[in-house]
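Input: a single structure, listed below in structure tokens.
Since every read-out is calculated from the coordinates, none of them should be taken as a lab result. Here the structure is a predicted model, which is why all the values come from computation and not from measurement. Cβ placement follows ideal geometry from the backbone for every residue including glycine, while neighbour counts extend to all protein chains displayed.
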Amino acid sequence: MAALLLAGCHGSKRRGPEPAPAPKLSLRALDAQQQRLVADYERVSRTLTAYELAYRDWRDGRLEARALASRASVFRGVVTRALIRVRHDRATSENARPKTILAAALEARGRALASPPASARYRSEWNRSVVAARRALTLMQDLRDRARLIPLPEDAIS
């Protein structure tokens, strides 16, 4: 019996108190943070369709590379401004992880747009951005479902 007591004490170090968990957000605060994140990203989603149509036209030979580069430059500016807004937006508690993932999606999209179209780097970064954006939206939707909040529009983040 003495051996058991000694074994339990061996190597133990006195630690300070565990940090308190982050306080849960009120439903209103959770919703407000998510609405700001979605609003920060929304222009990217709206501009995305025009860019994707231009990219398809370029790939099919109906648009010159110069015209696609111009549209990519405009879209890259939209992505950069959205990334700045997302980074500066306050997101605490449950919204911190979706915010980080949303920022990663925008960073990947920016890297894709800075790469030559249809290159391996472009495709890899573009796909990474799509997956991350969907993941962030899914995490926010899961939080909203648990809190019984109205869902975010599916096309808010694309």
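Placing dummy labels 7 Å off each Cα toward the beta-carbon, the span from ARG81 to LEU149 is 2.5 nm. Ordered by the number of other Cβ atoms lying within 10 Å of each residue's own Cβ, fewest first, VAL74, VAL86 fall into the sequence VAL74, VAL86. Cα centroid separation, the range 98-158 to the range 77-91: 13 Å. Per-residue packing, averaged as other Cβ atoms within 10 Å, sorts the ranges 35-42, 124-131, 87-94 into the order 35-42, 124-131, 87-94, beginning with the highest.
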